[in-house]
Protein chains: 2
Amino acid sequence: MSESTTSIGRVKLNELADEAGVSLSTVSKVLNGRSDVAAATRTRVEGILDAHGYQRRMGLPNRNTLIELVFPDLDTVWAMELIRGVENVAKEHGLSVVISETGTRHAPAPDWITGVLRRRPVGVVLVFSDLADGYKAQLRSRAIPFVIVDPAGDPSPDVPSVGSANWSGGLMATRHLIELGHSRIAAITGPDDMMCSHARLDGFRSAMNTAGLTVDESLVAFGDFHVDGGRENARRMLAGENRPTAIFAGSDLQALGVFDAARSLGIRVPEDLSVVGYDDLQLAQWSSPALTTVHQPLTRMAEEAARLVVRMSEEQLESIPRVDLATRLVVRDSTAAPGGR
Amino acid sequence: MSESTTSIGRVKLNELADEAGVSLSTVSKVLNGRSDVAAATRTRVEGILDAHGYQRRMGLPNRNTLIELVFPDLDTVWAMELIRGVENVAKEHGLSVVISETGTRHAPAPDWITGVLRRRPVGVVLVFSDLADGYKAQLRSRAIPFVIVDPAGDPSPDVPSVGSANWSGGLMATRHLIELGHSRIAAITGPDDMMCSHARLDGFRSAMNTAGLTVDESLVAFGDFHVDGGRENARRMLAGENRPTAIFAGSDLQALGVFDAARSLGIRVPEDLSVVGYDDLQLAQWSSPALTTVHQPLTRMAEEAARLVVRMSEEQLESIPRVDLATRLVVRDSTAAPGGR
């Protein structure tokens, strides 16, 4: 019970236990993340702890030296860039990085929280669009700060988050093509249910509109952010009568799919078709031709999130930090003036 | 001192302290990985602990639930595949993965060991060719098992290790090209100072020799395992008089470099030139054309290493486990009969 008593004292915890109608030992179990407490009891105790503003005191001597990074899926091409960012900040602070792959794009799996509460990390960086209220309450009641890195671009407003400027990225990509002289420009964006897909597409539309160009709706498609989505949509668009001279591919993987579609149709990049990706993954430098793309600062996003987590473990922040880092265009060899001019 | 006394008792540790000419408290500090012990003293104490076969008892109640994965460099394209492997096994055993990037290809940095001894993980998976004797002694004296995953292919004989069959991989890649009808086959392998480069090249030579084909030494090169090494060597080979009809590129990244060299010279893959990679990274599926390559089971290598570490934390193994996992050829679209036959 040593930790539970540090913040508001044994008497008060006793009162909380009474209020929850449980034993002091049950309150202690909940605080220490033990799994042998019924879910309903846990929820009731968490709620009461939260209502009384219970917070574990910071900087306890047994405070761990871990920082956690949680993913829904290690298989994404992003994962490595995010790990690198958290690792960079961990090194600066003498922390070690714990990596977990759990749950879906929307939330970590239930058993994950048990482990986190047991390990008591300095803080948690989550690669999810949101976190269930129950998890938030459990982390907050133990003063384990968390920040969401959200490449999907739609974080919940009550949660600290780091994203990037998706709309500006779409705008820059399209402006670059317009400045090269293209007017028949296609856009393949990501899945319809991710807000970043819409933000990038809206950036595309704004660039077209402000340049006085018409968007041909047959040249706008939602993809899947993977190679297949780029390949299939590009095949359809490039087989049409009045084919585009440039495609904003929405992601680097979709751009590789566009490359493949072009190659199979005997269309040369960039002579016959300009292609712009989005993300600037390492592989964008290795494609042939090297890919012009929008740099999404994934490593910096993870660094920023990890720094925030460390700061939040040391001081109370006045407001919930929410940051979008800038994106920028990286011009390589996959874009040129139309018709090889 | 509770842990130090569990294995051989306080009296004996006292004797060890006497033998080392230090206080019992200093022995305890060394055992607990504290940094406030002079390096010379630490080494002396470690040596005496080791000589007396001191081992922390397994399965202590405060045993951590961490497994560690240590890299020289998170920037390699391998890193993600290895992380995935350790993560898979960690999940099976309810462990969490701590990731550290430290040191060089040859050894982790000195401060790393301090952190490991403090965290007391179930075990450590190291992505290095070897580990300094001092580190080995420190880990062994605390019964923290470690296994080396060694894609470079030259592990020290006294250390548990998991590698893969590099020679067989080179053999299979080359046989595939010979079976397609190629006889003028080039090989670009990795750096001269990595044994896996030599193993793959020797496999290539054996395939050529057993098929009765002559190796043209102007078509054999050491690269760097990166895109540039593939591009530059391929440019030189493809610009020559009697250019190869097929290139075994030694790594997937070098294969991408060969693709780029071919494209810039107007040479079509696979119609005019067949290319085989090595590694089977995710990006091998995404290149255009999709890359025929040798699958190096990086994820399985990491899984095997993590499983070994967990086993070693539970039981004494009779001999030092050293395993090479099989490689296999994955045929995709970058290889065909020569001359488009």
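The values are calculated or read from the model by the stated rules, or taken from the named source; none is laboratory data. Keep in mind the model is a prediction, meaning the values are calculated, not measured. Positions of Cβ are generated from backbone atoms using ideal geometry, with glycine treated the same way; all protein chains shown enter the neighbour counts.
Considering B:Ile148, B:Ile178, the condition of being β-branched (Val, Ile, Thr), over 23 Å from B:Ala79 (Cα atoms), at pLDDT 90 or above and out of contact with any Asp or Glu (no Cβ under 7 Å at 6 or more places or on another chain) is satisfied by B:Ile178 alone. Across segment B:64-101, the number of residues qualifying as among the charged types (D, E, K, R) and more than 9 Å from chain A (Cβ to nearest Cβ) comes to 3.
Listed here are the residues, each with its yes/no results for (1) within 14 Å of chain B (Cβ to nearest Cβ); (2) of a type in the set (S, T, N, Q).
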site: A:Thr210; (1), (2): no, yes
site: A:His226; (1), (2): yes, no
site: A:Arg243; (1), (2): no, no
site: A:Asp260; (1), (2): yes, no
site: A:Leu283; (1), (2): yes, no
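So is A:Asp111 surrounded by fewer than 20 Cβ atoms within 10 Å (Cβ to Cβ), within 16 Å of B:Lys91 (Cα to Cα) and over 21 Å from the mean Cα position of the chain (by Cα) or not? Spelling it out, A:Asp111 is indeed surrounded by fewer than 20 Cβ atoms within 10 Å (Cβ to Cβ), within 16 Å of B:Lys91 (Cα to Cα) and over 21 Å from the mean Cα position of the chain (by Cα). Against the conditions (1) under 30 Å from A:Arg231 (Cβ atoms); (2) in a loop (DSSP other than H, G, I, E, B); (3) away from every other protein chain (no Cβ under 12 Å), where does B:Ile320 fall short? Just the number, please. B:Ile320 satisfies all of (1) under 30 Å from A:Arg231 (Cβ atoms); (2) in a loop (DSSP other than H, G, I, E, B); (3) away from every other protein chain (no Cβ under 12 Å) except (1).
Do you know which of the residues in segment B:112-129 that are within 18 Å of B:Leu74 (Cα to Cα) and part of a loop (DSSP other than H, G, I, E, B) is modelled with the lowest pLDDT? Residue satisfying both the conditions and the ranking: B:Ser129. In segment A:260-292, the qualifying residues are those that are touching a Gly at 6+ places or on another chain (Cβ under 8 Å) and touching a residue at least 60 places away in the same chain (Cβ under 8 Å), and the one that is surrounded by the fewest Cβ atoms within 10 Å (Cβ to Cβ) is A:Glu271. Candidates A:Val162, A:Val124, A:Val149: the one that is within 13 Å of chain B (Cβ to nearest Cβ) and either under 19 Å from A:Arg322 (Cβ atoms) or buried (at least 24 other Cβ atoms within 10 Å of the Cβ) (or both) is A:Val124.
Residues in segment A:102-117 that are more than 9 Å from chain B (Cβ to nearest Cβ) and of a type in the set (S, T, N, Q): A:Thr104, A:Thr114.
For B:Gly59, are the conditions met, namely being at pLDDT 85 or above and exposed (fewer than 14 other Cβ atoms within 10 Å of the Cβ)? In short, no.
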